[in-house]
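Heads up, the thing below is written out as structure tokens.
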Amino acid sequence: MNRTGNHCIECTVRQCAHHAGENNYCALDKVSIGTHEANPTMTECVDCLSFVKR
Ligand code: SF4
């Protein structure tokens, strides 16, 4: 499915139900970001909490 992507939210997670499709953008107006670490120190520590499995 191809939807209009929000150009303020670049994303390559195509497995997410909110992904815009062919473009590397999220289709949501806003997303929630968080961490699964007690003390995040690198990119891998941070997650998109708005992710929904496609
Ligand atoms: S909700 Fe998060 S993971 Fe899903 S497409 Fe948007 S930015 Fe990517």
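The values are calculated or read from the model by the stated rules, or taken from the named source; none is laboratory data. Here the structure is a predicted model, which is why all the values come from computation and not from measurement. Ideal geometry is used to build each Cβ from the backbone, glycine not excepted, and the neighbour counts take in all protein chains shown. Protein only, heavy atoms only, side chains kept; ligands, DNA and RNA dropped before computing areas. Shrake-Rupley method; radii C 1.70, N 1.55, O 1.52, S 1.80 Å.
Counting only protein heavy atoms and a probe of 1.4 Å, the accessible surface of the chain is 53% carbon and sulfur.
Computed over the Cα atoms of the chain, pair by distinct pair, the Kirkwood hydrodynamic radius stands at 11.7 angstrom.
Listed peptides 13-25, 36-48 appear in the order 13-25, 36-48 once ranked by packing, highest mean of other Cβ atoms within 10 Å at the front.
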